[in-house]
Amino acid sequence: MRQGSLSSLDDSDLEPRDRRLVRALCFGVCRTLPQLEALAKLLLSKPFKQRDFDVQALLLIGLYQLLYMRVPSHAAVGETAGAARLLGKGWATRVLNACLRRFQREQATLEARIATQLEAVTLHPAWLLKALRTAWPEQINAIIQANNTPAPMTLRVNLSRITRDDYQALLQEAGIDAEPCVHSPAGIRLIAPVDVNTLPLFSEGGVSVQDEAAQLAAPLLYASLPKDVPLRILDACSAPGGKSAHLLELAAADKRPLELVSLDSDAQRLTRVKETLARLNVTAEVVHADASQPDWWDGRPFDAILLDAPCSGTGVIRRHPDIKLLRTAQDIVQLSALQQRILHTLWPMLTKGGHLLYATCSVMPAENAQQISTFMADQPDARGIALDVFWGIDRQGTRQRLPGEDDADGFFYALMTRLVD
């Protein structure tokens, strides 16, 4: 259960109903993994060998169904055990059947035995619990609860084409219940998720899927810039393209010329950027390059830069529970160093008097407020611009949103300007 990523899960060949089931199982097991692994340890007389981790995964899937899904217990046990034959490991059917039936018989006793294990109770690995407790001692319980709660589906209405009220009326006509977001004027939160293809005007570019916290980034930068003049903006680390599209929508609503460069180092994810731009019928220069290296730049300065930096993703665990599996404490150190390199590389590309918005979907101070303090101490012509907003937690003019705030993701924002000589 330590390999791969849910974001790369390929279920395109499945029927919609089966796709939903597979995703529910995968996301659910990742979300509750510390508990499932603790129970599996009690049920097994000895751990599986590494070559049989696929059988271990089946055991975890079976336990998850018995604990959390409305699957008949006989089906959860029988189908899970029988799946071992599909792996060519018929011997494992007996092991899985025995473990799952024992769990049924002894569930209360087994759950009591792991009730004192903090990782199993909180569903978080030890390193992450320690980091969260250090950074947010007063908010840690709320963060844990938010991380363990599946995220809602949130939409960003393209206000250059339709008002939020009018789009919400279209949703109501389609039988889709929704409510407006608190802070994003373009945001609508669905009461229950739906297939994007059932959303009114989705294929025509009238609406996109984007969490409210992510929706706040582009307007923070855009609103800080001079009015009524053409703009040249860089969206660095842009994939999958939501913030690029949002910047273009904001400019279109103002009928304002915008030359946007959408940059990312991942060619595969840049495909999604191009698809997003095409669906919205907007244009940007899409560049495949590493933001930590300057060799792609043509020497023309940018009026503004939006840097949604590579980060630990610890603010979006509720949306991507596999982050708890894939991240380690050492990743925070390495990512912080990468963020500094990118900041120092991009800064000379910003025109004097221009603005850079640094954002992450992290809750780790080393990637956020501490990162900005370090950068500005090293960069004499960098000055912070205090964000005049009433949401989030103020960190010397920067803002940190924690996961679950107004039912949105955890996000960090810092706005800086390059001083004029």
Quiz prompt | Matching residues, segment 252-284, being surrounded by fewer than 20 Cβ atoms within 10 Å (Cβ to Cβ) and of a type in the set (Ser, Thr, Tyr) | solution = SER265, THR271, THR283
Quiz item: From the residues in segment 158-200 that are small (Gly, Ala, Ser) and under 24 Å from the mean Cα position of the chain (by Cα), which one is farthest from HIS246 (Cα to Cα)?
Solution: ALA192
Quiz prompt | Count of segment 303-338 residues which are over 13 Å from the mean Cα position of the chain (by Cα), without any contact (Cβ under 8 Å) to a residue 40 or more places away in the chain and within 22 Å of THR122 (Cβ to Cβ) | solution = 2
Exercise. Of the numbered conditions (1) over 25 Å from LEU58 (Cβ atoms); (2) open to solvent by 10 Å² or more (accessible area, probe 1.4 Å), ARG85 fails exactly one; give the number of that condition.
Key: (1)
Exercise. Taking the options ALA236, ALA245, name whichever one is closer than 22 Å to THR398 by Cβ and either crowded, with 24+ Cβ neighbours inside 10 Å or modelled with pLDDT of 95 or more (or both).
Key: ALA236
Self-check item: VAL333, sole failed condition from (1) β-branched (Val, Ile, Thr); (2) more than 19 Å from ALA151 (Cα to Cα); (3) surrounded by 14 or more Cβ atoms within 10 Å (Cβ to Cβ)
Solution: (3)
Quiz prompt | Every residue from segment 174-231 that is modelled with pLDDT under 95 and in contact with a helix residue (DSSP H, G or I) (Cβ under 9 Å, 6 or more places away or on another chain) | solution = ASP195
Quiz item: Of these, ALA213, ALA223, ALA218, which one is open to solvent by 10 Å² or more (accessible area, probe 1.4 Å) and of a type outside the set (D, E, K, R)?
Solution: ALA223
Quiz item: Out of the residues in segment 88-107 that are open to solvent by 40 Å² or more (accessible area, probe 1.4 Å) and part of a loop (DSSP other than H, G, I, E, B), which is farthest from LEU39 (Cα to Cα)?
Solution: GLY88
Quiz item: How many of the residues making up segment 281-295 are more than 23 Å from the chain's Cα centre (by Cα) and not polar (S, T, N, Q)?
Solution: 5
Quiz prompt | Top-ranked residue of segment 30-54 - restricted to ones that are part of a loop (DSSP other than H, G, I, E, B) and in contact (Cβ under 8 Å) with a residue 12 or more places away in the chain, ranked as nearest to the chain's Cα centre (by Cα) | solution = THR32
Quiz item: Looking only at segment 293-330, which residues are part of a loop (DSSP other than H, G, I, E, B), among the small types (Gly, Ala, Ser) and open to solvent by less than 30 Å² (accessible area, probe 1.4 Å)?
Solution: ALA309, SER312, GLY313, GLY315
Exercise. Answer with yes or no whether LYS89 is basic (Lys, Arg), in contact (Cβ under 8 Å) with a residue 24 or more places away in the chain and farther than 17 Å from VAL29 by Cβ.
Key: yes
Quiz item: From the set of residues in segment 365-421 that are farther than 30 Å from VAL182 by Cα and aliphatic (A, V, I, L, M), which is most open to solvent (accessible area, probe 1.4 Å)?
Solution: VAL420
Quiz prompt | Matching residues, segment 62-77, being surrounded by 16 or more Cβ atoms within 10 Å (Cβ to Cβ) and more than 19 Å from GLU37 (Cα to Cα) | solution = VAL71
Quiz prompt | Failed item in (1) part of a helix (DSSP H, G or I); (2) under 22 Å from the mean Cα position of the chain (by Cα); (3) over 30 Å from HIS124 (Cβ atoms), with LEU346 passing the rest | solution = (2)
Practice problem: Mind telling me which of the residues ALA120, ALA115, ALA84, ALA131 ends up being closer than 20 Å to THR149 by Cα and in contact with an Asp or Glu (Cβ under 9 Å, 6 or more places away or on another chain)? | Solution: ALA120
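The values are calculated or read from the model by the stated rules, or taken from the named source; none is laboratory data. Everything numeric in this text was worked out from a predicted model, so none of it was measured. In this analysis, Cβ positions are derived from the backbone assuming ideal geometry, glycine residues included, and neighbour counts consider all displayed protein chains. Keep in mind that these areas ignore ligands, DNA and RNA; they rest on the heavy atoms of the full protein, side chains included. Shrake-Rupley method; radii C 1.70, N 1.55, O 1.52, S 1.80 Å.
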